[in-house]
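The values are calculated or read from the model by the stated rules, or taken from the named source; none is laboratory data. Given the structure is predicted, the values throughout are model-derived calculations rather than measurements. Counting neighbours? That spans all protein chains shown, and the Cβs are built from the backbone with ideal geometry, glycine included.
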Amino acid sequence: MSTRSALKKRRPQIHKRSLNVLAVKAAIDKLKTQVDTLNDEAKEEKRELLDSESREIESCKARISSLKSDLTAADESFKRNDDPDEVVHIRALSGAGRIKYLELSKKFDGVVPATHIAALGLCDEGGSLCFNVDKSADIEELSVDVDGEVLQIIANEVFRVSGLAKDAIEEAEKKSEASPS
């Protein structure tokens, strides 16, 4: 058999193999394109999700900032009020008051309503509590008769005079760290 005739017999096989290799290459290229498309779509979805989360975070920050400034303004207004008919008395939480606060914290999953905190600290001139946090009528009275902003200020003051405000806790921690053991 001559080389030419041998080559003629092999060409169809070589040609078939060439077609198979080309088909596999085409399939691989198609899969690569699909993977690239999926990657691009995933990146775009991730980018959109991050953008959405960023917008939500910025919105929350703005809302918190607004609430802080509103509370600061209300707090300053409350502090400047010299009308003796609108003076309220508060006292620090007693040991029993702290225990009650911890019970309420568990009951309300860590977020005790300002009405309840105010009830734990609002007192008369002699220091006797004016409200009983366990009486729903007292809590209802505070909820209905006292502005929510004022209740929040009172609750903050109860924490402050009890040494439970964030800055008081941080100061106590600093003093504790500074003192030798």
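Among the residues of the stretch 98-138, those that are aliphatic (A, V, I, L, M) and assigned to a helix (DSSP H, G or I) comprise Ile99, Leu102, Leu104, Ala114, Ile117, Ala118, Ala119, Leu120, Ala137.
Take the stretch 127-152 and flag every residue that is within 31 Å of the chain's Cα centre (by Cα) and under 16 Å from Ser94 (Cα atoms). If the condition is that a residue be within 31 Å of the chain's Cα centre (by Cα) and under 16 Å from Ser94 (Cα atoms), then Val133, Asp134 are the ones that fit.
Each residue in the stretch 139-148 was checked for being charged (D, E, K, R) and either within 19 Å of Ser105 (Cβ to Cβ) or outside any helix (DSSP H, G or I) (or both), and 1 pass. Counting the residues of the stretch 113-146 that are buried (at least 18 other Cβ atoms within 10 Å of the Cβ) and either more than 18 Å from Ser162 (Cβ to Cβ) or in contact (Cβ under 8 Å) with a residue 24 or more places away in the chain (or both) gives 11.
A quick yes/no check of all residues on (1) aliphatic (A, V, I, L, M); (2) part of a helix (DSSP H, G or I); (3) modelled with pLDDT of 65 or more:
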{"residue": "Ala62", "(1), (2), (3)": "yes, yes, yes"}
{"residue": "Thr72", "(1), (2), (3)": "no, yes, no"}
{"residue": "Ser77", "(1), (2), (3)": "no, yes, no"}
{"residue": "Asp85", "(1), (2), (3)": "no, yes, no"}
{"residue": "Leu93", "(1), (2), (3)": "yes, no, yes"}
{"residue": "Ala96", "(1), (2), (3)": "yes, yes, yes"}
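Conditions (1) over 18 Å from Leu67 (Cβ atoms); (2) at pLDDT 90 or above; (3) acidic (Asp, Glu), marked per residue:
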residue: His116; (1), (2), (3): yes, yes, no
residue: Glu125; (1), (2), (3): yes, no, yes
residue: Glu140; (1), (2), (3): yes, yes, yes
residue: Val146; (1), (2), (3): yes, no, no
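In the stretch 149-163, is there at least one residue being part of a loop (DSSP other than H, G, I, E, B), small (Gly, Ala, Ser) and crowded, with 16+ Cβ neighbours inside 10 Å?
The answer is yes; a qualifying residue exists.
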